[in-house]
Amino acid sequence: MSTFRGKTFVYGDDINTDVIFPGRYLNVFDPAEMAKHAMEDLDKDFVKNAAVGDIVVAGKYFGCGSSREQAATCLKAVGISVVIAKSFARIFYRNAINQGLAIMICPGIDEIVQMGDQLEVDPTSGVIKNLTRGGERTAKPLPPFIMGILNDGGLIPHLQKSMKSA
Amino acid sequence: MGKTMAEKILAKAAKSRDVSPGDLLDVYPDVAMSHENAGLVSKVFKTIGVKKLYDSDRIVIIFDHRVPAESVKTAEGHKAVRDFVRENGIRNFFDINVGICHQVLPEYGFCRPGEVLVGTDSHTTTHGAFGVFSTGIGATEMAAVWATGKLWMMVPESIKIVTKGNFKPGVYSKDLILHLIGKLRADGADYLSVEFYGEAIEKMSIASRMVLTNLSMEMGAKAAMVPPDAKTIEYVKSVTNKPFDVVIADSDAKYRQVVEIDLSRLDPQVACPHGVDNVKPVSEIAGLPIHQALLGSCTNGRLEDLEIGAKLLAGRKINREVRMIVIPASWKVYREAIDKGYISTFIDAGAVIVNPGCGPCLGAHEGLLAGGERCISSTNRNFKGRMGSTEAEVYLASPSTVVASAIAGKITLPEVSS
């Protein structure tokens, strides 16, 4: 994966999947339509202000609650390049990887980022640089097999690749 | 070194002799459950390029989130799943007239001790009440399970919960698990497996054990289990002929944390807005006026929950300022509640009975809240906007507290009969 550059949307701890993608839209299966409702109950301006390549930064336990995959898919469909959080809830972690949405675990991220800052993120080395106000942190590396799924673009392309080589 | 339930069950499912926390396994689940999101699963499955399902008999599909269809969009989704079920010969399909997935799975014999169950629903932890390693996954992952029969799993560390003593009158398993969530917090068991022990757990009904394992998700648990005993085995044998092997932890198993709870000191609890770990004793917030009371859900919509409600309401009326909604967890539960007269009691008291399903719990339909309204509910989540308006408030409590509050018109400690 190449380097990500984008402006940040910064949120707090325990951001749950109900506010990322509200239950009233769970009958939506089309990513383009999912994108219209991303973060709707947390930040009504998110969809309007987010551009392709932008970055979501959050505190601990991002994506807790429901197993709804739309919570990861809608962020990817909006164009979010990577979600950086102090920690993730396990189902969201798997859903993001499976959707090919990059995630990074970085316990000190809140110390160097404020809403709207420009970040430069190298997903391979884990180095996160704040281009707006300086400061740098390094995310914990993801296990190699997880990076393998991400590098293939998600679980389905990864599976198709392994079936071809089998 | 002894092994936990999670370690022993996952080792068996991965056909591996010995596993430890942190090991990465290819696990073959015995049961793979989806609800309406089978629509999304089947859509992804069709993109993989395999011609047939790995094993259609391991797949269970149960409609519950929006039943009957509340919109054309949902109706189209239901239709697409019915077509897929027919075309692929999936026998274990339950349409809109059976109940909530987490109640239907045990009722129809899909929760067998010692097995692995995955579901595209976070509250899939519920089935650990039968000694099943049972966990939630997303739709794409489920599509891969349908195609290959397997998924990767990291063997988790475990937390051991040990209760001491017995519940005081008016205090239930819901109060215990809310208290634990408040203590360990929303992420206290993230990535971990939880096991429940103690005299009170052994005495507890299967339904009450399911409350513990269902809500363990709200402290992040990957799985939550009650060791199977004679009660479990009797129930499972009454619903399936399929053989199963009971798995219990070794007495010298290694736990990351052991939490002891003295039940003699536990009072009724309530989770306040907007997090399930924002837990207080009911006494601390008693007196707050409510607009709606909800008795139902995969957490507390079983016969014993309806019985508690009906006994409190017999010969009484719900407060004029309160709308009360009752949702039996399944049509089997509904039928029994009719036979026992509970449903008549609810109707006479002024409650609205909704057909079995998830109802308003996840904000889809059948009793949503307006801005400024407050609901006390026996369900499992109180996130902002969960049950309607983002300006509404949801308080989570036991069926007893919910019904006592519906009668009083305000959040109230349950009555204790002497």
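The values are calculated or read from the model by the stated rules, or taken from the named source; none is laboratory data. Because the structure is predicted, anything quoted here is derived from the model rather than measured. With ideal geometry, Cβ positions are generated from the backbone for all residues, glycine too; neighbour counts draw on all protein chains shown. With ligands, DNA and RNA removed, areas are computed over all heavy atoms of the protein, side chains included. Shrake-Rupley method; radii C 1.70, N 1.55, O 1.52, S 1.80 Å.
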Answer residue from segment B:133-177, given it is at the interface with another protein chain (Cβ under 10 Å from one of its Cβ atoms) and assigned to a loop (DSSP other than H, G, I, E, B) and is surrounded by the fewest Cβ atoms within 10 Å (Cβ to Cβ) among those | B:156
How many residues of segment B:28-41 are away from every other protein chain (no Cβ under 11 Å), in a loop (DSSP other than H, G, I, E, B) and either within 22 Å of the chain's Cα centre (by Cα) or without any contact (Cβ under 8 Å) to a residue 24 or more places away in the chain (or both)? The answer is 2
List the pairs whose first member sits in segment A:128-154 and is more than 16 Å from residue A:3 (Cα to Cα) and more than 14 Å from chain B (Cβ to nearest Cβ), whose second member is open to solvent by 60 Å² or more (accessible area, probe 1.4 Å) and of a type outside the set (Ser, Thr, Tyr), and whose Cβ atoms are under 7 Å apart, counting only residues at least 6 apart or on separate chains?
-> A:132/A:118
Pick out the one residue from B:174, B:183 that is out of contact with any Leu (no Cβ under 9 Å at 6 or more places or on another chain) and either of a type in the set (Phe, Trp, Tyr) or not assigned by TED's automatic domain parsing to the domain that holds residue B:275 (or both).
-> B:183
On the given criteria, is residue B:282 open to solvent by less than 20 Å² (accessible area, probe 1.4 Å) and either in the same structural domain as residue B:373 (by TED's automatic domain parsing) or closer than 27 Å to residue B:382 by Cβ (or both)?
-> yes
For residue B:316, are the conditions met, namely being among the basic types (Lys, Arg), surrounded by fewer than 21 Cβ atoms within 10 Å (Cβ to Cβ) and more than 14 Å from every other protein chain (Cβ to nearest Cβ)?
-> yes
Among what's in segment A:42-53 and is touching a residue at least 12 places away in the same chain (Cβ under 8 Å) and open to solvent by 10 Å² or more (accessible area, probe 1.4 Å), pick the residue that is farthest from the other protein chains (Cβ to nearest Cβ).
-> A:51
For the subset of segment A:71-87 comprising residues that are open to solvent by less than 10 Å² (accessible area, probe 1.4 Å) and at the interface with chain B (Cβ under 10 Å from one of its Cβ atoms), which member is farthest from residue A:38 (Cα to Cα)?
-> A:72
What is the residue count in segment B:12-35 for residues that are more than 24 Å from residue A:68 (Cα to Cα) and open to solvent by less than 10 Å² (accessible area, probe 1.4 Å)?
-> 1
Which listed residue, of B:376, B:327, B:343, B:411, is within 16 Å of the chain's Cα centre (by Cα) and open to solvent by less than 20 Å² (accessible area, probe 1.4 Å) = B:327
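If you check A:21, A:62, which single one turns out to be over 12 Å from the mean Cα position of the chain (by Cα), more than 9 Å from chain B (Cβ to nearest Cβ) and open to solvent by less than 20 Å² (accessible area, probe 1.4 Å)? Write out each step before concluding.
Working: A:62 fails: over 12 Å from the mean Cα position of the chain (by Cα).
Of A:21, A:62, the one residue that is over 12 Å from the mean Cα position of the chain (by Cα), more than 9 Å from chain B (Cβ to nearest Cβ) and open to solvent by less than 20 Å² (accessible area, probe 1.4 Å) is A:21.
Criterion first (out of contact with any helix residue (DSSP H, G or I) (no Cβ under 8 Å at 6 or more places or on another chain) and either on the phi < 0 side of the Ramachandran plot or at pLDDT 95 or above (or both)) does residue A:86 satisfy it? Talk me through it step by step, then tell me what you get.
Values: out of contact with any helix residue (DSSP H, G or I) (no Cβ under 8 Å at 6 or more places or on another chain): no; either on the phi < 0 side of the Ramachandran plot or at pLDDT 95 or above (or both): yes.
No: the conditions fail for residue A:86.
Considering only residues that are within 18 Å of residue A:6 (Cα to Cα) and out of contact with any strand residue (DSSP E or B) (no Cβ under 7 Å at 6 or more places or on another chain), which ones fall in segment A:73-99?
Within segment A:73-99, A:74, A:76, A:77, A:78, A:79 qualify.
For (1) under 25 Å from the mean Cα position of the chain (by Cα); (2) open to solvent by 60 Å² or more (accessible area, probe 1.4 Å), each residue gets a yes or a no:
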residue: B:43; (1), (2): no, yes
residue: B:48; (1), (2): no, no
residue: B:53; (1), (2): no, no
residue: B:61; (1), (2): yes, no
residue: B:69; (1), (2): yes, no
residue: B:76; (1), (2): no, yes
residue: B:79; (1), (2): no, yes
Go over the candidates B:295, B:312 one by one and state the one that is of a type in the set (A, V, I, L, M), assigned to a strand (DSSP E or B) and not assigned by TED's automatic domain parsing to the domain that holds residue B:105.
-> B:295
Looking at (1) at positive phi; (2) surrounded by fewer than 19 Cβ atoms within 10 Å (Cβ to Cβ), which is the only condition residue B:348 fails?
-> (1)
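Is it true that residue B:390 is hydroxyl-bearing (Ser, Thr, Tyr) and touching a residue at least 24 places away in the same chain (Cβ under 8 Å)? Outline the logic, then answer.
Values: hydroxyl-bearing (Ser, Thr, Tyr): yes; touching a residue at least 24 places away in the same chain (Cβ under 8 Å): no.
Answer is no for this residue.
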Of those in segment B:178-193 that are of a type in the set (Gly, Ala, Ser) and open to solvent by 10 Å² or more (accessible area, probe 1.4 Å), the residue farthest from residue B:379 (Cα to Cα) is B:188
The residue from B:70, B:87, B:76 that alone is modelled with pLDDT of 95 or more and away from chain A (no Cβ under 14 Å) is B:87
Return the total of residues in segment A:136-147 being open to solvent by less than 50 Å² (accessible area, probe 1.4 Å) and either at pLDDT 95 or above or touching a Gly at 6+ places or on another chain (Cβ under 8 Å) (or both).
-> 1
